[in-house]
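Chemist: Right, I'll just put the structure down here and ask away after.
Nothing in this text is a laboratory measurement; each read-out follows from the coordinates by a stated rule. On a predicted model such as this, the values are computed, not experimentally measured, just so you know. All Cβ positions, even for glycine, are placed from backbone atoms using ideal geometry, and neighbour counts span all protein chains on display.
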Amino acid sequence: MAEDFAKAVDDGLKLSKRIYFGKDRAVAPPRPLPQMEKSSAHDYLPTAPMVYAVISDPGIVDNPDIPSYQPHVHGRCDPPALIPLQMNGIELVVNCYLDTAFVRVIGSWRVHCVMGSRSCDCRVAVPMGDQGSILGVEVDVPRKSYYTELIAVQDNKHVERVARDEDGGFLKPHIFTLTIPQIDGGTNLSIRLSWSQKLSYKDGQFSVNVPFRFPEYVTPAVKKISKKEKIQLNVDAGTGTEVLCKTSSHPLKEIRRHVGKLGFLYEAEVLAWSNSDFNFSYTVSSTDVFGGLLLQSPSIHDVDQRETFCIYLMPGSQENRKVFRKEVIFVVDISGSMNGKPLEDMKSALSAALFGLSSEDLFNIMAFNGETYLFSTSMELATNEAVDRANEWISINFIAEGGTNILPPLDKAVEMLSNTRGSVPMIFLVTDGAVEDERHICDVMKSRLTNGGSICPRIYTFGIGSFCNNYFLQTLATISGGHHEAAYDVGTIEIQLQRLFTRALCTVLTNITIHGFEDLNKVEVYPSRIPDLSSVSPLIVSGCYQGKFPDNLTVKGLKGDLTNCIVDLKIQSAKDIPIDRVLAKQKIDLLTAQAWFSDDKQLQEKVAKISIQTGFPSEYTTMALLEEVKVRKATEPAGAKRMSNKSDPEKVVELKNLRKILLYSLGIGFGDITATTENIPPGYGEAKLPDAAEMFIKAASNCCGRMCSHCCCMCCIQCCTKINDQCAIAFTQLCAALACFGCAECCSAICCPGEDGH
């Protein structure tokens with residue numbers, strides 16, 4: 001999908017050369033990358049919020065203000081070309097709370113490439129930062145407005161129609177797209193986008209990175225247009241301690257400073273839009289482990305009317321503290337679907353993790369497909385010699401083949417770590433597949449780990465692609481007090497897996513317990529088993545309760561030198577922090593895993609209600625695009641939504657629901673056992689194979705595009721006029737025969753020789 005999108009943008013930039021802007025233009029015409037520079041399809045993927053004109057008919061491409069009267073273009077673009085729209089203004093608002101950033105973008109784009117008498121669809125693309133979740137899109141045009149909302153799956157029957165693939169969804173795991181239907185040429189679109197993403201953390205420093213790199217060709221061509229760029233940043237660490245700004249990618253001016261809070265602003269008239277991502281980092285000062293607790297009362301609309309609490313623990317920036325001795329077993333999937341890049345990237349990350357172990361640590365490796373393969377029959381000290389032998393064993397035995405059987409190696413790993421003393425036992429489970437006995441595996445692990453003593457093995461799970469059941473892996477991690485990560489994009493496997501390894505191997509506090517909840521009623525904690533605290537990540541635990549909250553609350557844990565650590569939590573009210581939204585994604589993921597494991601319909605309905613209330617997508621909700629038409633009224637009717645109208649203040653505008661388009665579910669799904677059984681390689685989304693007729697039609701419609709690098713078919717028409725009837729009949733029969741055998745690509749090659757003439 002990403003490659004098709006990039007190719008469509010490439011075609012759109014070629015088409016945009018037809019547009020004439022006159023002599024008073026500020027930038028050169030869009031220049032597609034030279035052939036030698038086209039290293040990958042990612043060159044044209046959006047690196048900032050973008051809007052594209054969807055062009056199926058190249059004949060409508062022209063300046064809506066200054067017609068160029070170019071020769072008519074015959075044929076159609078299939079798939080449609082995407083012309084990036086020029087941007088007139090942009091505002092970025094980033095609000096950082098605890099470990100989460102909420103991002104809002106307000107921008108204005110113009111359909112500068114379509115005749116004023118014609119219209120086209122417009123596709124909005126929203127690239128997001130780390131673990132981004134799309135929260136909403138609002139589009140306003142002169143006669144209509146559009147906005148997204150989440151609806152429960154069972155309410156789909158009230159929706160007018162189901163969208164096509166290109167109407168909305170994820171182009172890549174971090175790029176959301178949405179198509180707005182039929183916008184007139186020359187129209188200005190006012191768009192509001194919102195999403196959430198995670199802050200990164202290292203050495204006591206939080207960082208936020210927002211995609212904000214605009215290509216040159218979205219700068220308005222006319223010099224007289226004012227280009228205003230605005231960035232607003234608000235930080236509320238929630239800790240009540242001093243917050244210090246460290247670095248910033250843009251020239252921000254401090255406008256507000258309070259204890260634990262910062263405010264910054266950047267606003268300027270610019271000649272060209274930002275060409276770098278927005279980066280900002282800050283520190284929450286402390287050298288040792290510290291924490292706090294935030295309380296929030298429910299609103300009248302909340303699904304759960306209990307009080308909410310949020311406990312955070314920060315590892316601090318102390319560098320010389322003693323780390324835990326570890327016993328680690330890597331349980332790795334080498335089934336046939338792991339062949340190629342997934343297996344190679346996993347081997348690289350595993351090798352780096354082995355070299356990162358201390359010589360006092362113990363380790364072992366298990367590879368599995370339908371069978372289980374052990375590096376050693378016992379745990380090995382992580383000496384240089386043992387690590388070298390392990391890497392050699394990996395290079396010989398990691399061959400992608402066979403099926404997927406998870407329980408035997410996982411059960412064996414728990415057995416090998418059952419008698420751990422004086423160290424932290426860890427199991428890393430890496431897989432790209434789903435299996436039929438997942439609930440049974442969870443039951444077995446729950447039984448084994450419950451009886452395993454105080455320091456039971458932590459299971460850190462890692463899912464690759466969209467065919468594995470990440471909620472099964474989440475359940476395994478929750479049961480054991482581990483952590484779950486996933487790489488839905490195959491290209492991020494090595495980076496994401498290294499992050500999981502680093503998080504687990506840098507544990508600074510384990511066996512964490514909370515003391516003080518004894519007098520509360522109906523206490524529920526998420527996650528139910530508190531994970532360990534790592535030096536590279538804060539720990540956030542949330543929950544609900546009834547009753548009077550205690551005045552004092554303490555957290556106890558075990559440090560790396562095996563001494564006890566006691567942290568007195570500072571309790572405060574979350575006045576300015578939207579705790580329900582900060583915790584929403586974690587809560588939805590944990591409850592969804594619980595609902596999958598128990599197959600509880602009421603819990604599924606609860607997840608759907610939380611999803612709709614907070615705006616975070618879930619497995620039990622789908623996103624819908626609502627279209628409303630604006631109707632001018634002489635007087636304001638009762639119940640009408642008032643909208644400003646500068647041209648005629650006596651008039652009001654009433655919004656009437658016109659239609660609702662159901663987009664595809666934005667959830668990750670519960671795995672695909674069939675794809676796992678057939679060893680289909682992991683990837684984000686599934687490629688649909690067209691039938692022979694569709695292939696033939698597509699090849700015929702694209703024949704001249706291949707030869708001429710644009711959509712003009714005049715050359716084909718002129719060529720056809722030169723052949724006689726008998727030749728035409730014979731050629732048609734040949735094409736039909738090739739189409740029947742699914743060889744339309746061969747037919748296209750015959751019709752349209754390449755640039756080298758072959």
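Chemist: Add +1 for every Lys or Arg and -1 for every Asp or Glu among the other residues with Cβ under 12 Å from the Cβ of Gly370, and state the total. Numbers along the way, then the final one.
Modeler: On the way: positive: none; negative: Asp333, Glu371, Glu401.
Neighbour charge sum, excluding Gly370 itself: -3.
Chemist: At 0.36 nm per residue, minus the direct Cα-Cα distance, what do Lys7 and Ile495 gain on full extension? Give it in nm, one decimal, please. Let's see the in-between values first.
Modeler: Numbers: separation 488, 0.36 × 488 = 175.68 nm, distance 2.66 nm.
So the extension gain works out to 173.0 nm.
Chemist: So, R0 is 41 Å and r is the distance between the beta-carbons of Asp304 and Arg143; what FRET efficiency does that work out to, to 0.05? Spell out each step's value before the answer.
Modeler: Details: r = 41 Å, r/R0 = 1.00.
Rounded to the nearest 0.05, the efficiency is 0.50.
Chemist: Ranking request for peptides 526-532, 233-239, 327-333: highest mean number of other beta-carbon atoms within 10 Å first, then the rest in descending order. Walk me through the intermediate numbers first.
Modeler: On the way: 526-532: 19.3, 233-239: 22.7, 327-333: 24.6.
Result, highest mean first: 327-333, 233-239, 526-532.
Chemist: Can you figure out the FRET efficiency of Ser447 with Ser528, using R₀ = 22 Å and their beta-carbon distance, to the nearest 0.05?
Modeler: Working: r = 16 Å, r/R0 = 0.72.
Plugging the Cβ-Cβ distance into 1/(1 + (r/R0)^6) gives 0.90.
Chemist: Let me ask you something else. With each pseudo-label sitting 7 Å past Cα toward Cβ, what's the Gln205-Ser226 distance in nm, one decimal?
Modeler: According to this spin-label approximation, the distance is 3.8 nm.
Chemist: A further question follows. Roughly speaking, what is the stretch gain from His440 to Lys341, that is 0.36 nm per residue apart minus the C-alpha to C-alpha distance, in nm to one decimal? Don't skip to the end; give the middle numbers.
Modeler: On the way: separation 99, 0.36 × 99 = 35.64 nm, distance 3.08 nm.
Full-extension gain reported as 32.6 nm.
Chemist: Among the GluC sites (Glu not before Pro) within segment 483-523, which fall in a DSSP loop and have no more than 13 other Cβ atoms within 10 Å of their own Cβ? Numbers along the way, then the final one.
Modeler: Details: sites: Glu485, Glu494, Glu518; in loops: Glu518.
Sparse-neighbourhood loop GluC sites (Glu not before Pro): Glu518.
Chemist: Let me ask something additional. So if we plug the beta-carbon distance of Lys556 and Lys322 into 1/(1 + (r/R0)^6) with R0 = 22 Å, what FRET efficiency do we get, rounded to 0.05?
Modeler: Values: r = 18 Å, r/R0 = 0.82.
So the FRET efficiency works out to roughly 0.75.
Chemist: For the pair Ile255/Tyr664, report the inter-label distance in nm, with labels modelled 7 Å from Cα in the Cβ direction.
Modeler: About 4.1 nm separates the two model spin labels.
Chemist: Next question. Net charge near His174: determine it from the other residues with C-beta under 12 Å of the C-beta of His174, scoring Lys and Arg +1 and Asp and Glu -1. Provide the component values of the computation, followed by the final result.
Modeler: Numbers: positive: Lys172, Lys198; negative: Asp130, Asp489.
Net charge in that neighbourhood comes out at 0.
Chemist: Sorted by packing (mean other beta-carbon atoms within 10 Å per residue), highest first, where do 581-588, 402-409, 542-549 land?
Modeler: Working: 581-588: 21.5, 402-409: 18.5, 542-549: 16.2.
So the peptides 581-588, 402-409, 542-549, ranked by packing, come out 581-588, 402-409, 542-549.
Chemist: Also, quick follow-up: Could I have the simple spin-label model distance between Asp600 and Glu371, label points 7 Å from Cα toward Cβ, reported in nm to one decimal?
Modeler: In this crude label model, Asp600 to Glu371 measures out at 4.2 nm.
Chemist: Taking the highest mean first, how do the peptides 460-471, 176-187, 553-564 order by number of other beta carbon atoms within 10 angstrom per residue? Each step should come with its number before you reach the end.
Modeler: On the way: 460-471: 26.5, 176-187: 20.2, 553-564: 15.6.
Ranked from most to least packed, the peptides come out as 460-471, 176-187, 553-564.
Chemist: I've got another one for you. Based on Cβ point charges of +1 for Lys and Arg and -1 for Asp and Glu, what charge dipole magnitude is obtained for segment 521-626 about its Cα centre, in debye rounded to the nearest 20? Intermediate values should be presented prior to the final figure.
Modeler: On the way: 13 positive and 12 negative charges, 45 e Å.
So the magnitude is around 220 debye.
Chemist: Residue separation times 0.36 nm, minus the C-alpha to C-alpha distance between Ala272 and Val93: what's the value?
Modeler: Details: separation 179, 0.36 × 179 = 64.44 nm, distance 1.94 nm.
Difference between extended and current length: 62.5 nm.
Chemist: Return the subset of Lys172/Lys227; Lys172/Lys585; Lys228/Lys660; Lys587/Lys660 for which the Cα-Cα distance in this structure is over 22 Å, preserving the input order.
Modeler: Numbers: Lys172/Lys227 30 Å; Lys172/Lys585 19 Å; Lys228/Lys660 34 Å; Lys587/Lys660 28 Å.
Violating the 22 Å limit, Cα to Cα: Lys172/Lys227; Lys228/Lys660; Lys587/Lys660.
Chemist: Give, as a single signed number, the net charge of other residues whose beta carbon lies under 13 Å from the beta carbon of Gly107, with Lys and Arg counted +1 and Asp and Glu -1.
Modeler: Values: positive: Arg104, Arg110, Arg192, Lys227, Lys228, Lys230; negative: Glu91, Glu138, Asp140, Glu229.
Around Gly107, the surrounding residues sum to +2.
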